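Here the structure is laid out as structure tokens; the discussion comes afterwards.
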Amino acid sequence: MGKAAALCGGGTRGLVSLLSAVPCLACHELPAMSGEPGGRGGGGPAGGPPAAPPGSDTYKGWLFKWTNYLKGYQRRWFVLSNGLLSYYRSSATVRSGGSSWKRVKNTPVLVRKMGTQAEMAHTCRGTINLSTAHIDTEDSCNIVLSNGGRTYHLKANSEVERQRWVTALELAKAKAIRMRNNQSDDSGDEEPASQSDKSELHGPLKTLSSKLEDLSTCNELIAKHGAALQRSLSELENLRLPADSGEKIKAVNERATLFRITSNAMINACRDFLDLAESHSRKWQRLLQHEREQRIRLEETIEQLAKQHNSLERACRGAPGLASGTASISSTAKGSVQSAKGEASDEDEETEYFDAMEDAPAFITVTADPKHHRRSGSNLSGASEGHPEDWNLEDSVFESSNQSSYNESTGKDLLPRKRRRSRIPDKPNYSLNLWSIMKNCIGKELSKIPMPVNFNEPLSMLQRLTEDLEYHELLDKAVKCESSTEQMCFVAAFSVSSYSTTVHRTAKPFNPLLGETFELDRLEELGFRSLCEQVSHHPPAAAHHVYSRRGWTLWQDITISSKFRGKYLSIMPLGAIHLEFHSSGNHYVWRKVTSTVHNIIVGKLWIDQSGEIEIVNHKSKDKCQLKFTPYSYFSRDVPRKVTGVVSDADGKAHYVMSGTWDEKMECSKIVHSSHGSTSTEGKQKTVYQTLSPKVLWRKYPLPENAENMYFFSELALTLNEPEERVAPTDSRLRPDQRLMESGRWDEANVEKQRLEEKQRAVRRRREAEAVEALEEGKDYEGYIPLWFERKVDAVTGELICVYKGGYWEAKDRQDWSVCPDIF
């Protein structure tokens, strides 16, 4: 019983310790702690001695904190207060937003004065509770604090400064432990529990008491009948019975004695249990009340944040510099602000942000009313004007762009769509052990290190290129445009729509094998057919060709260049995208922007798109300048914002493009343009007066359960669906990719390594053939693409791969004799 009592008591103390370790919610006041009299935190260039104002219970100063292997030790401002050690990026952060303590239901709660939005997110970088922390010193200047799974490695400037901090930490820890024990043992200042709490706790105790009384009654009966049984057995022993009977009676008597002793022990154990439950009922009641108060405080905090959010929105709408009424600045586009990186990460992850003030908007748009529009060219300098009646609300192609698909409006000659799959097996929840990967790479060449499929999604890069056609109906509608500038608007929306699938897709696609192909034949359903081929392996390059019977052809030759910069990975697609409309002959050329994957080493991965796209119509010389604004935490702009202007060959602006690359793009017709005020950088902004915007493109919602299917869109779910009559080099037939999609990742890793080794063997054979040809003085052509050929582009002057024909004819004949065995 002693062991049981000790176990129960220890478990309760462990639970109390766990609850008391929650920072900033259940902190209690400590007696005043003496600091360094008259000291001032951060007195030296690298941090002075810790300091505390007279009469204060806080201890402050600069220390160096270990962050990671890339950044090493970083200088941080530490504050020791009420048994909690918190750290900040700078001492100014602490001074800008003050803090005070108030008592909520006899529990001290830290209430911080809210500053700006940046202060709310970046004030306290971390907190550790000293009551359950272990304090250790490594050498003359280092301090190690550990509390459960959290460990802080700190370094002071000198041994004297370290000793001051250790003394302050030990004193704060002792006081925190003493206060926690007082709270556990003393309930005199406790708030009376509610009637419901008492009933919840005393009800089971009352039931236990009644059961214990029943057990006591049974014990008395057992003792009474046991005594009578022993008397009867004693009388039998006195009788003259055979020897065997006497031995049996004696054994029965011993068993009856043991039974009575066991029954008494059981009753005593039950009585001890009830006494223990009664002694701990008060602690259980306090813990329950503590949890209720935590919930109430959390609800109050959420309500306060919601009110502050509403007030910030109202303040933003009424901020100086924003036009009232119908005027709207394009930098504050409609839509709620969304988080561009998901969960907030710790400060030491050093997420890369961009300064929003470096590149202010180059133009301002003001919405005009077409009914009351009047020309006033007298006060417009260099103004360009348009007629509002040109913005036809009924017959314009822009109006039909709000429809979800081209087939609903004009595609009646297309066949009904084939029913295709709408889901794939759920992504397995495999944990990724980086050490298990690294230890297998020791001693190997970098090119021979096999990366597991855990980093991939079950699609190849060729299939990701084909995903650009998800919103192909934008090009179908552009065919109907009579004006080249209107057509440019749809081409611009199409160029932005290709990034909509990347917002949640942080996994990398499979690198295609040399000679690998992927076809998407939707000629009968959607009016187009697409073909991709991996035409080079080092550097990796893919050629893509799309033909549409609706009147357009698209082709591109893309090479991927990437740079790892420690905290993030920049992916730069090299190569131009060409789009030609058959009837008008308009030839558009543009290039992709840079994609950045943040938090490569530590933290939650998130993707951003940044840079500029210049779309040029090489026939009419129309241009569209699109700017992808990089994400900045301190910017008021909508995240993932895209803005641009469509102008003709003379430089006259006709349309303003605005929206986000993950949601929608809008187009506004310009009726006036003028030069506005000069910005702080000395640049003169252009003010465009436009008609109401029209939505050209809106992102399709993701399928149900998309988060468990790699966040694939409806088109992406069908790309790896098995099809008949495809080439033997098609990505759908790649075994490692198919195994990964089926959830058999271990087999996929083995198959992936086999395919890569097979490709290396082919490359070594080609290199040997090249060396042999060089020794014999012969020319060696190297790898020749199957369905594409290299030509100098007449528009850009670059050497690109263009489709030479023959694939679809070979498919009709099912003659794949030219295809190599790559799988």
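FYI, it's all coordinate maths here, none of it is from the lab. For clarity, every value in this text was computed on a predicted model and none was experimentally measured. Here Cβ is always computed from backbone atoms with ideal geometry, including for glycine, and neighbour counts include all displayed protein chains.
Points worth noting:
- Segment residue 429..residue 159, full-extension length gain: 92.4 nm, with 0.36 nm per residue of separation and the alpha-carbon distance subtracted.
- When the P(r) is computed for region 203-297, the part past 16 Å accounts for 68% of the Cα-Cα pairs.
- Separation in nanometres of the label points that stand 7 Å from Cα toward Cβ, at residue 307 and residue 634: 3.0 nm
- 3J(HN,Hα) along region 451-461: 8, x, 6, 4, 8, 9, 10, x, 9, 8, 5 Hz, from the Karplus curve 6.51 cos²θ - 1.76 cosθ + 1.60 with θ = phi - 60°, whole Hz, x for Gly and Pro.
- The gain in end-to-end length when the residue 764 to residue 69 segment is fully stretched comes to 246.5 nm, 0.36 nm per residue minus the alpha carbon separation.
- Unit Cα scatterers, Debye sum, region 546-686: log10 I(q)/I(0) for q = 0.09, 0.12, 0.13, 0.17 Å⁻¹: -0.38, -0.66, -0.77, -1.16
- Each 5 Å bin from 0 upward holds the following percent of the Cα-Cα pairs of region 685-796: 2, 8, 9, 11, 12, 11, 12, 11, 8, 6, 5, 4, 2, 1, 0.
- Rounded to the nearest 0.05, the FRET efficiency derived from the C-beta distance between residue 251 and residue 284 at R0 = 41 Å is 0.30.
- Peptides ranked, highest mean first, by Cβ atoms within 10 Å: ranges 660-667, 171-178, 222-229: 660-667, 171-178, 222-229
- Pairs with C-alpha atoms separated by more than 32 Å, drawn from the list 71/307; 477/811; 418/804, are 71/307.
- When the alpha-carbon atoms of region 681-730 are used, the pair Rg, Dmax equals 21.6, 62 angstrom.
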